[in-house]
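Please treat every number below as a calculation from the coordinates, not as lab data. None of these values were measured; they are calculated from a predicted model. Cβ placement follows ideal geometry from the backbone for every residue including glycine, while neighbour counts extend to all protein chains displayed.
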Amino acid sequence: MTTQSSAGIVERPTGTASEGFIPFRGFEPGVDTLDEINVGGVWARGAGALIESVNPATSEVFAKLHGATVDDVDVAVAAGLAAVEESGWARKLPHERAAVLHRIGSAIEANADRIAFLQTQDTGKTLKETRALAISAAATFRFTASALETMEDAVTPPRGDYLSISTYEHIGVVAAITPWNSPIASDAQKVAPALAAGNAVVIKPPVWAPWVSLLLARICDEAGLPSGLLSVLPGPGRTVGDALARHRDVGKVSFTGGTSTGRQLGRIAADKIMPITLELGGKSPTIIFSDADLDQAVAGVLYGIFSSSGQSCIAGSRVFIQRDIYDTVLARLVEGAKALRVGPGTDPGTRVAPLVAHAHRDSVEKMVEDARVAGAQILCGGARPAEPELQQGAYYLPTIIAGVANSDLICQEEIFGPVAVVLPFDDETDLLAQANDSVFGLACGIWTSDYRRAWRIARAVAAGTVWINTYKQFSIATPFSGIKESGLGTEKGRDGIRSYMRQKSIYVDLSGAPLPWAGA
């Protein structure tokens, strides 16, 4: 059972706290300021610019925080290096590091309701989604811990009288620059494998949604993570994020966000000869063939674009429908979109919550209006909701656009909102020509009853992840990556841990004889 304070924060009643529940110091009922950040394991008031978090459902400022400075980057990185050495974190046996990760996962799950409510206030997402993100984060730490315990070095086939071993070592300090659209899950996907690999981590959370990252740091403290191994530095990407990426002692950057920022970070990484993982934008095709189960396909397409209010890099924002069923399916999609309930994330009936910020809503609105002026047909949505109770929030109606060509700007640029463009196709050749005509290559959905066709399209489409007769299904055990301008490198799976490590080869002579080169 939980209660809601006047400040809108969920607090557990005295005496009913779950085992492992972590009190978030400074976040108390009626207190609107969480003015501490974690710099090298030390919690203190930030010296940077004031960050105000606005609840996108109400336009009310619910918390304030002074962010980090460039000087804090130096302190956090130095503390991380010292913590790795002094705690012996990288030298601990895998099962010893795994034990800490398991405790973190359990504590996240115990605090799932609190994390969910905090994230809903910060981002506007529905409580159902934010709780699922918290549970996903807990599973990420647990899977990573289990994978760490069972990872093996390799004895490679020798080509002489020696033993050759391929082994992996930690990098040192890793920068994790996380997005606002799924804070706790994105944090976990970077922090868990980076810690498992033996590193210290500095999180640069988004200015629009920093609070869950700070709560994660509290949880890690309470779970026994050595002090200094995790820092959280809220602040602008152009200052704090840039300084973190350029720091000489940061050995890797993992970034999730926009493609333009990814390019800038890629240039920095190239100058430093530093590994980098980039999960960037998408304009993912979702495809309905005429032999598809239309009930399943329509439901899947609506979920793929309008869940998370379309604020997802993998959103199925380009809908391709085979021409002979185009009119029928389009009518069903429009009917389904109009029926979706728009409202605050705290309402259990809400399907489309507010966008993360009014400025972002305005950007989505402008892109749709530009398409309308250019001749696109707005079949539903294309406006803010009319209900008086929603006027203060950053709401935008589920929008379906037709009468466009795949080459149009609205079909090529990522909107990151509840907006789908719908296009017809004739056959597989026509489909692939359109679907692959994009700078992005992140995800794809295919709806068909012909498994041979599904396999052909899945292999031919330019995307890092393909779903067949489903969408947005994920497993932390399965690698995730993008191609083209959608990203570089791999997250999740066992490879996700290796991506935060350096490979080293070791040769051991078995012959006992001197090398013959010197004439011995």
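Among Asn406, Asn55, Gly241, pick out the residue whose Cα is farthest towards the positive end of the charge dipole of the chain, where Lys and Arg carry +1 and Asp and Glu carry -1 on C-beta, about the Cα centre. Toward the positive end, the furthest listed residue is Gly241.
The local environment of Ala76, defined by Cβ-Cβ distances under 13 Å, has a net charge of -3 under the rule Lys, Arg +1 and Asp, Glu -1.
Ranking Gly349, Gly441, Ala337 by how far each Cα lies toward the positive end of the dipole of the stretch 285-468 (charges on Cβ) leaves Gly349 at the top. Where the centroid of each part is defined by its Cα atoms, how far is the stretch 280-299 from the stretch 470-519 in Å? Centre-to-centre (Cα) distance: 34 Å.
Structural descriptor for the chain: relative contact order 17 percent, calculated from alpha carbon pairs under 8 angstrom and at least 6 residues apart.
Lys and Arg at +1, Asp and Glu at -1: add these up for the other residues within a Cβ distance under 12 Å of Ile506 and post the number. Can you show the working numbers first?
Values: positive: Lys504; negative: Asp153, Glu169, Asp509.
Net charge around Ile506: -2.
Altogether, the Stokes-Einstein calculation at 10 °C and 1.306 mPa s, with the Kirkwood radius of the chain over Cα pairs as Rh, returns a diffusion coefficient of 66 µm²/s. When the Cα positions of Tyr162, Val202, Gly464 are compared along the charge dipole of the chain, Tyr162 comes out farthest toward the positive end, with charges on each C-beta of Lys, Arg, Asp and Glu.
Give me the percent relative contact order of the stretch 414-490, please, defined on Cα pairs under 8 angstrom at least 6 residues apart. Display every interim value, and only then the final one.
On the way: 85 pairs, mean separation 23.6, N = 77.
Taking the mean separation of contacting Cα pairs over the length of the stretch 414-490, I get 31 percent.
Rg of the Cα atoms in the stretch 138-198, relative to 2.2 N^0.38 Å, amounts to 1.54. In terms of overall dimensions, the stretch 285-468 has a Cα radius of gyration and Dmax of 15.8, 51 angstrom.
Please report the net charge: other residues with Cβ closer than 9 Å to the Cβ of Ala176, K and R +1, D and E -1. Provide the component values of the computation, followed by the final result.
Values: positive: Lys190, Lys204; negative: Asp187.
Combined, the nearby Lys, Arg, Asp and Glu give +1.
Equivalent ellipsoid semi-axes for the stretch 221-285, as square roots of 5 times the alpha carbon gyration tensor eigenvalues: give them largest first, rounded to whole Å.
Working: eigenvalues 113, 54, 28 Å².
Ellipsoid semi-axes (Å, largest first): 24, 16, 12.
For the stretch 67-171, the Cβ-based charge dipole about the Cα centre amounts to some 520 debye (Lys, Arg positive; Asp, Glu negative; other atoms uncharged).
Taken about its Cα centre, the chain carries a charge dipole of roughly 540 debye when the Cβ of each Lys and Arg holds +1 and the Cβ of each Asp and Glu holds -1.
The spacing between the stretch 192-243 and the stretch 388-443, judged by their C-alpha centroids, is 34 Å.
When only alpha carbons are used to place a centre, the stretch 323-380 and the stretch 123-178 end up 37 Å from one another.
Computed over the stretch 208-324, the percent of Cα pairs more than 16 Å apart is 72. With θ taken as phi - 60° and the Karplus curve 6.51 cos²θ - 1.76 cosθ + 1.60 applied, the whole-hertz 3J(HN,Hα) list for the stretch 169-181 is 10, 5, 8, x, 10, 10, 9, 10, 9, 10, x, 8, 7 Hz, x standing for glycine and proline. With kT/(6 pi eta Rh) evaluated at 25 °C and eta = 0.890 mPa s, and Rh the Kirkwood radius from Cα pairs, the stretch 303-366 diffuses with a coefficient of 184 µm²/s according to Stokes-Einstein. Calculated over the stretch 352-403, the projected area of the Cα convex hull averaged across directions stands at 3.5 nm².
May I ask for the Kirkwood hydrodynamic radius of the stretch 191-248, worked out over all distinct Cα pairs and given in angstroms to one decimal? Hydrodynamic radius (Kirkwood, Cα pairs) of the stretch 191-248 is 12.1 Å.
Contact order normalised by length for the stretch 285-468, with contacts defined as Cα pairs under 8 Å and 6 or more residues apart; what percent is it? Could the numbers behind the result be given before it?
Numbers: 326 pairs, mean separation 51.7, N = 184.
About 28 percent, as a whole number.
Taking the Cα centre of the stretch 285-468 as reference, the dipole from Cβ charges on Lys and Arg (+1) and Asp and Glu (-1) amounts to some 320 debye.
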